[in-house]
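Shown next, in structure tokens, is the structure this report addresses.
The values are calculated or read from the model by the stated rules, or taken from the named source; none is laboratory data. Just so it is clear, the structure is predicted and the values come from calculations on it, not from any experiment. Backbone-built Cβ (ideal geometry, glycine too); neighbour counts: all protein chains shown. Side chains are part of the model used for accessible areas, which takes the heavy atoms of the whole protein and leaves out ligands, DNA and RNA. Shrake-Rupley method; radii C 1.70, N 1.55, O 1.52, S 1.80 Å.
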Amino acid sequence: MSVEITRTEKITQLFQVHSLDIQGADRDFVTRFHNSLPKIQGLFQELYGVHEEAESQLLELLQSLILGYQGREESLRERDRNKDAEGNWFLSQNLAGMSMYVDRFAGSLKTMPSKLSHLQDLGVNFLHLMPLFESPQGESDGGYAVSNFRKVDPRFGTLEELIALRKTMHGQGMFLMLDIVLNHTSHLHEWAMKAKAGDQEYQNYYYTYENRWIPNEFEQAMPEIFPESAPGNFTWNEEMKRWVMTVFHNYQWDLNFSNPKVLQAMVETMLFYANLGIDLLRIDAPAFIWKQTGTSCQNLPQAHTLLRLIKQCVQVATPGMALLGEAIVAPKDIMNYFGTGDYVAQECDFAYNATQMALQWDMLASGDTSVMLQAQADILRKPYGTSWITYSRCHDDIGLGYEDASIAQAGKDPYLHRRFLKEYYSFSGEQWMSPARGALFSSNPKTGDARISGTLASLCGLEKALYEGNGPAIEQSIQKILLMQAHSIFLGGLPMLFYGDEVGCTNDYRYQQDPGKSYDNRWMHRPLLDWEKVNRRKTEGTLEYQLFEGTKKLLAIRKSMELFADLSNVSWMTPHNRHIAGLIRRKGEERRYCLFNFSDQPAGLTWYAFREQGESATQLLDSWTQTNYSVGPDHEHLVLEPYGFRILEPR
Ligand code: GLC
């Protein structure tokens, strides 16, 4: 009891010290603070209850919420209020995103504003700028090895330029997403440098060990993330004369979140980012943030407790910033990132629909929707009020992380099916005349696992078709690219395009000449944008024109209908034809049927498929081709051309 009183008194003191106007200007903040306090205390207790500095660290955390709130400029607070009034602002069909490297897309932060019109023409109003904070050249992992969380890397520009860009974007009705890389730091981060110099306080920010006993115990149950370029999960550091946990590359040191000071530092960083004006914070690799021997060190319950605690902190201090958990995990695990039990829809607001992304590639290679449909039982469980990032390609590889059971239930042999997919996309098998041009990433001979690298265009056959000068194959690959984009744009969630895909960039092999990148073939699909190519999108008849205009039209169709907001209103039609994926989006009486033919042959869907839905429509109007179809008898079909799709409105 006395502890409780003391804490309450200390909180009151904190309010006084920071001159909070409880009844006046700061009332909303104080209300949020008190609403969340029981949860914050409970979650903190779960993680750090037995830690000797638990009480003082909790108060520090609470103080940083006050400071984070007080550091928020008025225009951002107003933006918070507007988002709150709108309610679930991020579910809107008006948002359409693109992910990009500032340097490879525009050159620098300074030149970014001049490129915004290209994005706005396309219909993109939400930008994910890949990591911008200081990261050592050559040991950067594309910016995911951060050596200073608050200094923009001079390669991109300055913090002031980032803020100026954000202001320009907000002024033009755009939204901004940035990363927080909280699982690890660069080995050149100040904390790691101090740890190397022997400072025990900072060695405790990481997992360091003087001998192999505990590392060996960990290794028994931990998988390898980059088995080719960075095997194992520990690295010997000669300066420190200790082993350090490095789950990703050996220059990325894993932070130890069982130390509350690490949490404190990272929450402060997140609020700092929030006050730069970020609308959505991408939490990098959250599945990994808690480690325990005897486990895979992924998806542990404490990782969820941490994320819930982070969500409460952000909700109190800077409520307009939503959270995306970049957990690329099995379908059964992903749902937990939206929160469970008392915390449903109170953990991450967004997750990547990585399973569906991979299944799109499965359908494209096999021409068969059955594995995809088997996986839906898990995917459709997403709670209302949360959303997916939907995408065909991003900066990472394509992991075929869905369950073997889904493949088996679809009547296929999981081993052979995965081998087929890997061969199809990497062109590594001799028996396949595959149109795709990609490569295997992180092959692990011990487990047989491998992921896939390559741009959307190259994986859809454009690279090969261009090389061969094969006109019909070029047309077919354009059709495939648009099919893939259409599928992720209408799927439900916030579509996130990847820069360059809007004009069909093929693999960029120049990374092989750069020793800081050559060990990581994900760079083949992170192109240095050629603006001459981009500008060809203005010339009718070019492939860039076709792709840009097609993508633009898809985004415009999505924006024009409220039922494409993420209202958790997705269901799948009966697979009367296994080549056609049929998605239904509903709002009240309204419906749209989105049909995608993943086959290289024409495919027909019986008209009964529509009647089966209790739909008495006699006409179906396609928003994509502007064709009006009369619904025919059950034994006749709506025929989709190879890789064709339709967005049908019943009339
Ligand atoms: C995330 C990033 C990936 C990076 C990894 C390690 O998965 O998307 O690019 O390599 O985290 O930070």
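Points to keep in mind about this one:
- For His51, solvent-accessible area (1.4 Å; no DNA, RNA or ligand), Å²: 60
- Legend: residue pairs Lys332/Lys382; Lys291/Lys446; Lys382/Lys412, Cα-Cα distance threshold 18 Å; pairs beyond threshold, Lys291/Lys446; Lys382/Lys412.
- Given Lys110/Lys167; Lys480/Lys553; Lys261/Lys517; Lys480/Lys552; Lys83/Lys151; Lys480/Lys533, the pairs whose alpha carbons are separated by over 22 Å: Lys261/Lys517; Lys83/Lys151
- Across every direction, the projection of the convex hull enclosing the Cα atoms of the range 178-320 has a mean area of 8.5 nm².
- Accessible surface for Thr447 stands near 80 Å², nearest 10, in the context of the full protein assembly shown (1.4 Å probe).
- Contact order relative to length of the chain, as percent, for alpha carbon pairs under 8 angstrom and 6 or more apart: 12
- Note on Lys332: accessible area approximately 110 square angstrom, rounded to 10, probe 1.4 Å, nucleic acids and ligands left out.
- Here the 3J(HN,Hα) profile of the range 108-116, calculated from phi with Karplus coefficients 6.51, -1.76 and 1.60 at θ = phi - 60°, is 7, 5, 5, 8, 4, x, 6, 9, 5 Hz, Gly and Pro shown as x.
- The C-alpha radius of gyration of the chain, expressed as a fraction of 2.2 N^0.38 Å, stands at 0.97.
- Legend: Rg and Dmax of the range 12-155, from Cα coordinates, 20.2, 56 Å.
- Near Leu323, the amide H atoms lying under 5 Å from its own belong to Leu281, Asp349, Phe350; only residues 5 or more places off or on other chains count, and H is placed 1.01 Å from N.
- Based on C-alpha pairs under 8 angstrom that are at least 6 apart in sequence, the range 105-157 has a relative contact order of 34 percent.
- For His184, the residues whose modelled amide H falls within less than 5 Å of its own, excluding neighbours fewer than 5 places apart on the same chain, are Leu255.
- Phi angles across the range 345-361 convert, under the Karplus curve 6.51 cos²θ - 1.76 cosθ + 1.60 with θ = phi - 60°, into 3J(HN,Hα) values of 6, 10, 10, 8, 6, 10, 9, 7, 8, 5, 5, 5, 4, 5, 5, 4, 6 Hz, Gly and Pro given as x.
- Helical content of the chain, expressed as a calculated mean residue ellipticity at 222 nm, amounts to -11000 deg cm²/dmol (DSSP H runs of 4 or more residues, -39,500 (n - 2.57) each, divided by residue number, nearest 500).
- For the range 133-204, the relative contact order works out to 28 percent when only alpha carbon pairs closer than 8 Å and six or more residues apart are counted.
- Phi-based couplings in Hz for the range 474-482 (Karplus 6.51, -1.76, 1.60; Gly and Pro marked x): 5, 4, 5, 5, 4, 4, 5, 4, 5
- Qualifying trypsin sites (Lys or Arg not before Pro) for the range 239-298 [loop in DSSP, other Cβ within 10 Å: at most 15]: Lys241
- Put Asp404, Asp514 in order of accessible area, highest first, and with a 1.4 Å probe you get Asp404, Asp514.
- Close amide H partners of Leu497, meaning residues 5 or more places away or on another chain with modelled amide H under 5 Å apart, are Gly97, Met98, Ser99.
- Relative to the current alpha-carbon distance between Ser19 and Leu416, full extension at 0.36 nm per residue lengthens the span by 136.3 nm.
- Taking Val639, Val50 and ordering them by how much accessible surface each has at a 1.4 Å probe, largest first, produces Val50, Val639.
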